[in-house]
Amino acid sequence: MYMRSSDGKPDWEHAQIQMAIVRYMEQEYSQPTTLQKAADYFGYEPCYFSKLFKRLMGMTFLQYRNRLRVIRAVELLRCTDISVTDISGRCGFDSPRAFNRAFRDAMSRTPLEVRKTKNSASCYPAADKGYCLLNQPK
C-alpha cells in the first residue's frame, strides 16, 4: 500500500507527475515557456500547478526553468566558441542582461568566468552534475 500525501494522491502518483514535469521542462526550457503554458499542458489551474510544482521540485517554476537554462548555458560555454549573447538566446533568455543575472544567481560567477574554465575533456558532464544545481536551495 502506498502512502498518501496531504492532497490525497499516492506518493507514486506524485513521482510520476514529477518525472513528467522534468521531461516537459527538458523539452521546453529554451522556449518562452510560462507557468500558464505548463499548467495548461498538464491540465491544472495555474495557481494549483504553481503550488504543486514548488512542492514537487523544491523551487518555483521560474527558478527551475532559469537554473535549467543556466545548466545548458554552462555546457555551451565550456564546450563551444559560441558567443555569450548567442548562448543566452539559445538557452531561452529574453536578453543578455537577464541571462547574466540568472547565471550569477545560479553559479555565483559570470558566464565569462565559466568560459575561462573551458575544457573539451569535460564537455557535457554538466548534464549529470546539473541536477545537483537544480536541487540546491538558493
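General remarks:
- Of residues in region 26-40 being in contact (Cβ under 8 Å) with a residue 40 or more places away in the chain and either part of a helix (DSSP H, G or I) or in contact with a Cys (Cβ under 8 Å, 6 or more places away or on another chain) (or both), the one nearest to Arg90 (Cα to Cα): Ser30
- Of the criteria (1) under 18 Å from the mean Cα position of the chain (by Cα); (2) modelled with pLDDT of 95 or more; (3) exposed (fewer than 13 other Cβ atoms within 10 Å of the Cβ); (4) not polar (S, T, N, Q), which one Glu26 fails: (2)
- Filtering region 91-107 to residues that are surrounded by 15 or more Cβ atoms within 10 Å (Cβ to Cβ) and in a helix (DSSP H, G or I) leaves Pro96, Phe99, Asn100, Ala102, Phe103, Ala106, Met107.
- Some residue of region 60-75 being surrounded by fewer than 17 Cβ atoms within 10 Å (Cβ to Cβ) and outside any loop (DSSP other than H, G, I, E, B): yes
The values are calculated or read from the model by the stated rules, or taken from the named source; none is laboratory data. Please read these numbers as outputs of a predicted model, since none were measured by experiment. So basically every Cβ, Gly included, is an ideal-geometry build from the backbone, and we count neighbours across all protein chains shown.
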